[in-house]
Amino acid sequence: MQRAEKMRQVILKEPKNLEVCERSIPGLSEEEALIRVSYCGICGSDIHSYLGKHPFVKYPVTPGHEFTGTVVDRGARVDESILGRAVCVEPSITCGKCPECLSGKYNICRNLKVLGFQADGAMREYLPVPKDKLHVLPNGVDKLSGALAEPAAVAVHAIERGRVNPDSCVLVIGGGVIGLALTQILRSMNCFVAVVEDSSEKAERALVFGANTSFVFDEIGAKRSNEYLEREPDVIFECVGKNETMEFAIKTAPNGKTIIVVGVFPEPATLSISLVQDHELDILGTLMYTADDFKRALELISSGAIEPRRFITHMFRLESVKEAYETAIDPGGNSLKVLLEIGDGH
Ligand SMILES: [Zn+2]
Ligand SMILES: [Zn+2]
């Protein structure tokens with residue numbers, strides 16, 4: 001097929017040094033498909049690596065792990081029917097050989113690499129992807145909405161880890177993209193959802209996303225949940241990744257309940273482990289997702305349980321990538337999902 005030889009590609013050379021460069025379009029192996037990227041989101045973890053606070057980044061790297069596009073070419077062992085399809089992609093490279101991969105939990109592969117962090121990601125016009133990481137967008141999910149499938153899959157997996165039952169009461173600490181995706185999914189399960197945020201604006205925004213109630217962190221301090229919630233939470237999701245919010249989760253958790261650690265902690269935390277022991281709390285980590293979670297996320301977008309367009313607050317062209325990052329970082333800006341529009345978008 002006829003296409004350009006060169007493409008534009010974002011490169012994070014080192015912390016705070018982003019450039020848009022010209023690169024050759026890479027060749028394909030037999031098992032790969034070539035994606036013409038349409039949209040790519042900027043995530044909290046991208047900001048951590050931009051600021052030099054991500055513990056596992058190999059610079060220089062092309063960021064981008066939340067993206068959609070169109071399949072424009074294929075290797076010899078990739079079915080022809082995929083050509084021209086709109087897809088999103090699981091951004092992980094896994095070994096397929098370690099005990100976790102063999103048990104199906106490849107999200108915690110011992111040799112895990114994630115596009116945009118330890119391997120080049122999607123902030124570029126063309127990207128080769130292994131065929132088994134492709135997910136064709138279902139009817140009714142366009143490429144703009146599909147760009148939210150990745151963060152939605154994080155939320156789906158976290159809910160699975162928390163073994164949340166329908167109709168239960170859930171406390172979500174942090175009303176960013178993941179916290180609000182959790183909120184929308186949990187509401188679709190008829191759960192009672194309370195969101196805690198650090199400003200009244202963000203607490204109010206959580207109500208727009210369907211939370212039953214919301215609180216400002218400063219005002220409730222470290223009270224136990226029975227002092228400010230009508231119903232005690234069965235599960236608490238920590239989606240911030242800071243010492244004080246994790247400590248709040250431990251202090252507020254009712255005895256015998258579960259805390260799911262969703263937030264990424266750039267620094268070690270000092271926590272009241274004595275309360276974890278004394279209150280018999282379960283603290284569980286959660287990382288990424290597998291193909292089933294990704295499929296479920298697309299179903300939730302398709303059914304309207306998750307509303308991607310509510311999340312997308314800003315959109316920038318690829319050449320304005322620095323401005324896009326500054327917008328996503330600005331603490332006073334109240335941005336939620338900032339997207340790069342890379343290809344034709346259609
Ligand atoms: Zn992300
Ligand atoms: Zn593995």
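The values are calculated or read from the model by the stated rules, or taken from the named source; none is laboratory data. Here the structure is a predicted model, which means the values were calculated and not measured. Note that each Cβ is placed from the backbone with ideal geometry, even for glycine, and that neighbours are counted across all protein chains shown. For the accessible areas, the whole protein counts, side chains as well, though only heavy atoms, and no ligand, DNA or RNA atoms are used. Shrake-Rupley method; radii C 1.70, N 1.55, O 1.52, S 1.80 Å.
For the reader, a short list of remarks on this structure follows.
- Looking across segment 186-216, the residues that are closer than 14 Å to residue 252 by Cα and within 23 Å of the chain's Cα centre (by Cα) come down to 194, 195, 196.
- Where residue 166 falls short, out of the listed (1) under 23 Å from residue 283 (Cα atoms); (2) open to solvent by less than 20 Å² (accessible area, probe 1.4 Å); (3) away from ligand 2 (no atom under 16 Å from the Cβ): (2)
- Restricting the search to helices (runs of 4 or more DSSP H) fully inside segment 148-248 and requiring at least 2 residues that are closer than 30 Å to residue 38 by Cα, in contact with a Lys or Arg (Cβ under 6 Å, 6 or more places away or on another chain) and within 16 Å of ligand 1 (Cβ to nearest atom) gives an empty result.
- Subset of segment 228-244 (residues that are open to solvent by less than 10 Å² (accessible area, probe 1.4 Å), of a type outside the set (A, V, I, L, M, F, W, C) and at negative phi): 233, 238
- Residue, nearest to ligand 1 (Cβ to nearest atom), within segment 66-107, restricted to residues that are in contact with a His (Cβ under 9 Å, 6 or more places away or on another chain) and outside any strand (DSSP E or B): 91
- Of all residue pairs spaced 6 or more apart or on separate chains, those with beta-carbon atoms under 6 Å, a first member in segment 33-47 that is assigned to a helix (DSSP H, G or I) and a second member that is among the β-branched types (Val, Ile, Thr) and away from ligand 1 (no atom under 13 Å from the Cβ) are 47/329.
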